[in-house]
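Read the structure below first, then the notes.
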Amino acid sequence: MNKGMDKDARTAAVLIAVTLLIALVPLLALKGAQFEGSDGAGSEMVEEVTGGEHEPWFEPVLETLIGGELPSEMETLLFCVQTGIGVGVIAYCFGYLVARKRYSAEGATEAGAQPHERQRPEESLA
Amino acid sequence: MPYTKSEKGLLVASGVLVLAFAFPEAASAMHIMEGYLPLVHCVAWGVVCLPFLVAGTISIRNTLEQNRRLLILLAMSGAFIFVISSLKIPSVTGSCSHMTGTGLAAILFGPAVTSVLGIIVLIFQAILLAHGGLTSLGANTLSMAIVGPVLTWGLYALGRRAGLNWKVNIFIAAALGDLFTYCITSMQLAIAYPSAAGGIMASAVKFLGVFAPTQLPLAVIEGLLTVLIVMGLKGLAEPELQEVGFLKVKVG
């Protein structure tokens, strides 16, 4: 059992290391690169394919509202808000699940049952 | 008390998210931009999405009515899309792009439910971030929240039938679903902007040439992250995963 735990943790560590490597290598290797969004490249390609300037016929709602492009700091903020919402929900749910597992396993042990044969918890989210 | 394997996994996973924050690259990545598709296309792509959205909404309602507890998996699938699609990762081409995050929802709930979760994120980005767009919402929903997830879901089902290792299976399904999303985006742009010489296909190859090299490493990351979160869930949410059919119900 312990062996299995270690194996899973190792797998997780390897996956994370590879993820970081893939994300970090371009940053370190391509010095001076701007890392601009590839939709800029997409727009250029549209112009290349059609052979002329392309005027989008509809402006983003927010840009119309504030009468210009969204300042990049604000954009970063809003992206962080999006990430934050997501991380918040995931963290809350994992917290709930971890607690549920821990306490229901403890309860089962006290009742004399095998820890890995724990009963299905009855509590619901509602 | 020593950490259980799931807690360990959770710790590391949260660490990844923190590190992923370390890339505050201010740039918008690629959905189809606001105002770039002709009106007819906008409407057409939107209409194609409708059956999925309707089916997804009904499916979500039924699922929750039958089993309220599945809300936790649903919420996490949606939140996963929120997080993953907000992270812009630098790529080998010197530009950066983001992933879709729809693989988890597709594997757990199928493409119809995923379409509803995906469109929520796309609306958020279109309105607040000027990223993607309301006019291109239909096209982006189709590529990111429907066609990509359909491929992920199908590949996963096939791999499962073939007895593939579940981690490998999820990795392949999620990564290819991500790549396929951007193939669809390229096709949609190509249909809107066929090349004068070679027509739609020539144009599609050009757009794909812009997107694919950037997206390839990101697709790998998306696959890895999807495997990670399922690893975390597997140890902790067994009853729910059985409920959605991800884990087989143990007899006895």
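Name the residue, out of B:180, B:211, that is within 9 Å of chain A (Cβ to nearest Cβ), aromatic (Phe, Trp, Tyr) and either more than 25 Å from residue B:35 (Cβ to Cβ) or in contact (Cβ under 8 Å) with a residue 24 or more places away in the chain (or both).
Matching residue, one of B:180, B:211: B:211.
Please count how many residues of the stretch B:121-174 are among the β-branched types (Val, Ile, Thr), touching a Gly at 6+ places or on another chain (Cβ under 7 Å) and assigned to a helix (DSSP H, G or I).
Going through the stretch B:121-174 one residue at a time, the tally reaches 3.
Counting only residues that are closer than 23 Å to residue B:103 by Cα and of a type in the set (S, T, N, Q), which one in the stretch B:163-210 is farthest from the chain's Cα centre (by Cα)?
Looking at residues that are closer than 23 Å to residue B:103 by Cα and of a type in the set (S, T, N, Q), I get B:165.
Tell me which of these residue B:239 doesn't satisfy, since it passes every other one: (1) buried (at least 24 other Cβ atoms within 10 Å of the Cβ); (2) farther than 22 Å from residue B:35 by Cβ; (3) at the interface with chain A (Cβ under 8 Å from one of its Cβ atoms); (4) not basic (Lys, Arg).
Status for residue B:239: all satisfied but (1).
For the stretch A:5-43, which positions are more than 7 Å from chain B (Cβ to nearest Cβ) and at pLDDT below 65?
Passing the criteria: only A:40.
Scan the stretch A:68-97 and report the pairs whose first residue is over 18 Å from residue B:81 (Cα atoms) and whose second residue is of a type outside the set (Gly, Ala, Ser), with Cβ atoms within less than 7 Å and a gap of 6+ or a chain change.
Here the result reads A:69/A:63; A:70/A:62; A:70/A:63; A:75/B:129; A:96/B:72; A:97/B:236, each pair linking the stretch A:68-97 to a residue that is of a type outside the set (Gly, Ala, Ser).
Answer yes or no: is there a residue in the stretch B:141-148 that is more than 21 Å from residue A:90 (Cα to Cα) and in contact with a strand residue (DSSP E or B) (Cβ under 8 Å, 6 or more places away or on another chain).
No, because not a single residue in the stretch B:141-148 is more than 21 Å from residue A:90 (Cα to Cα) and in contact with a strand residue (DSSP E or B) (Cβ under 8 Å, 6 or more places away or on another chain).
The values are calculated or read from the model by the stated rules, or taken from the named source; none is laboratory data. Note that the coordinates shown come from a computational prediction; the quantities given were computed from them, not determined experimentally. In this analysis, Cβ positions are derived from the backbone assuming ideal geometry, glycine residues included, and neighbour counts consider all displayed protein chains.
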